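Encoded as structure tokens, the structure appears first; notes follow it.
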Amino acid sequence: MSKYGLGLASFARLRRRQLILFAFLSAVINGIVTASVGAWLAQTYATYQRKTQAIQTISDLVYERRTRAGMVVWAVRRNAELDELRYRKRAYDEAFVAWNTKVQRNIFMIREISSEGGVTRLETQFQEMLVTALADTDRCLTKAYDARLKGQDSAPILEACRMTDLHQVTLDCAATFTNELNRLTQLSFLPFAGPTDEKRKLAEARIDRGCLRPPALLSPASLAPAPPALPITPKTEPLNSEVSKSEPSKNEPIAPALAPAELQAAPAQK
């Protein structure tokens, strides 16, 4: 082996120093390439893990807030003790604070998942559909809770804001949104393998369908505020009332006019 190796080296007119230099450069280049590829693979996997963790965080926050809101509503409907009601409302408020504390970070992560630099359609759907549904739930829940503390009947308030439908819309929208985010976050070690425009448009269309509100929640006429009452103006008599009073009525008999001869014959009144 060594004989053939030295023969090939002498045939190629390579010296021992040149062989050592070639081996050293090959090892350096191989090490740089291996380290670069390994670092890129590690970074790609770390980005994937960060995205999946963000999706899991969004899912946990949404479902925790929705579940605790349902517990408060159920306590209000069955007229539970005020201590139990306050305990459940306090737990809901903690979930509410946790959601609002991390909502901006979640928006930035949604932007990273969509692989777009500016404001994306997914962000708009997140704020206008999912966040709006949670805000409507919180508004209805708070009104019913305050009425219950005052000793009033909270059932009409929950029925007026369609709490059952709103609770279901929040579940459907959250499930669809997190599922589409998970679809857009697929692990791939290929360069420039982010979600394409076609995938993003399909995900946006599915979110629009999943977060669509039923007709009962689209400002029904029965829940529309009553129009303001017209101002009542006092009745005023016309300006010529004095004149009209001096004029005889149609029902009153009109005395016949006296002739000139009768006027002369009539005695003067003292």
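The values are calculated or read from the model by the stated rules, or taken from the named source; none is laboratory data. Computed from a predicted structure; not experimentally measured. Cβ coordinates were reconstructed from backbone atoms using ideal geometry, including for glycine residues, and neighbour counts include every protein chain displayed. Surface areas here come from the heavy atoms of the whole protein model, side chains and all, with no ligands, DNA or RNA. Shrake-Rupley method; radii C 1.70, N 1.55, O 1.52, S 1.80 Å.
Per-structure values
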read-out: Label-point gap, in nm, between K143 and W40 - each point 7 angstrom along Cα→Cβ; value: 5.7
read-out: Estimated inter-spin distance, Q104 and R50, nm [label 7 Å along Cα→Cβ]; value: 1.8
read-out: Karplus (6.51, -1.76, 1.60) ³J(HN,Hα), θ = phi - 60°, over the stretch 123-129, in Hz, Gly and Pro reported as x; value: 5, 4, 5, 4, 7, 7, 10
read-out: Around I207: net Lys/Arg minus Asp/Glu count, Cβ-Cβ under 12 Å; value: 0
read-out: Residue-normalised accessible area of the stretch 61-217, given per residue in Å² at a 1.4 Å probe; value: 54
read-out: Ranking by accessible area, most exposed first, for L149, L21 with a 1.4 Å probe; value: L21, L149
read-out: Net length gained if the chain between Y87 and Q186 were fully extended (0.36 nm per residue, minus Cα distance); value: 31.6 nm
read-out: Burial order of peptide ranges 32-40, 45-53 (average beta-carbon count within 10 Å, highest first); value: 45-53, 32-40
read-out: Loop sites in the stretch 53-92: trypsin sites (Lys or Arg not before Pro), DSSP, at most 14 other Cβ within 10 Å; value: R78
read-out: P(r) of the stretch 95-164 over all Cα-Cα pairs, binned every 10 Å from zero, in whole percent; value: 18, 35, 25, 16, 6, 0
